[in-house]
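Novice: First the structure, which I've put down as structure tokens, then a few questions once you've had a look.
The values are calculated or read from the model by the stated rules, or taken from the named source; none is laboratory data. Computed from a predicted structure; not experimentally measured. Positions of Cβ are generated from backbone atoms using ideal geometry, with glycine treated the same way; all protein chains shown enter the neighbour counts.
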Amino acid sequence: MNEDQELCLCFHVSRRKVMQFIRVNRPKYASQLSECYGAGTGCGWCRPYLRKLMEQANPETAEIPDAEEYASQRAAYRLKKKDA
């Protein structure tokens, strides 16, 4: 992936911006990447990629959700999309 290619398609956030945000702000959780121009707060397509970037940048503090948490988040997201 090109550094200037958009990672978050909803808010047009590039991989370069996300990596710079991680280097400067040192977030503890992938969810904190939403502070980087709203990355990951739109449709959610880029969230797995954002988590992967966090793991690559901070392997010792990577947020690893368990299977139950993932399933409940996915169900809530699908329900929300269905009601919309």
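Novice: Filter segment 5-47 down to residues that are in a helix (DSSP H, G or I) and of a type in the set (A, V, I, L, M, F, W, C) and give me whichever is farthest from the chain's Cα centre (by Cα).
Specialist: Quick first cut of segment 5-47, residues in a helix (DSSP H, G or I) only: 15-25, 30-35, 47.
Those left that are additionally of a type in the set (A, V, I, L, M, F, W, C): 18-19, 21-22, 24, 30, 33.
On the way: 18: 9, 19: 12, 21: 12, 22: 11, 24: 17, 30: 6, 33: 6 Å.
Only one residue fits best here, namely 24.
Novice: Filter segment 12-31 down to the residues that are surrounded by fewer than 17 Cβ atoms within 10 Å (Cβ to Cβ), on the phi < 0 side of the Ramachandran plot and modelled with pLDDT of 90 or more and list them by number. Break it down into steps so the answer makes sense when it comes.
Specialist: Going residue by residue through segment 12-31, those that are surrounded by fewer than 17 Cβ atoms within 10 Å (Cβ to Cβ) are 12, 16, 19-20, 23-26, 28-29, 31.
Among the residues that remain, those that are also on the phi < 0 side of the Ramachandran plot are: 16, 19-20, 23-25, 28-29, 31.
Matches in segment 12-31: 16, 19, 20, 23, 24, 25.
Novice: How many of the residues making up segment 7-47 are of a type in the set (Phe, Trp, Tyr) and closer than 17 Å to residue 77 by Cα? Break it down stepwise before answering.
Specialist: Within segment 7-47, the first condition is being of a type in the set (Phe, Trp, Tyr), and the residues that meet it are 11, 21, 29, 37, 45.
Then drop every residue that is not closer than 17 Å to residue 77 by Cα, which leaves 45.
Residues meeting the conditions: 1.
Novice: Turning to a different aspect of this structure: Taking segment 18-47, which residues are among the β-branched types (Val, Ile, Thr) and under 15 Å from residue 6 (Cα atoms)?
Specialist: The answer is 18, 41.
Novice: If we keep just the residues of segment 51-71 that are assigned to a helix (DSSP H, G or I) and more than 24 Å from residue 35 (Cβ to Cβ), which is modelled with the highest pLDDT? Walk me through it before giving the result.
Specialist: Our first condition is that a residue be assigned to a helix (DSSP H, G or I); within segment 51-71, this holds for 51-57, 59-61, 67-71.
Right, trim to more than 24 Å from residue 35 (Cβ to Cβ) and you get 67-68, 71.
Details: 67: 61, 68: 71, 71: 68.
Per the stated criteria, the residue is 68.
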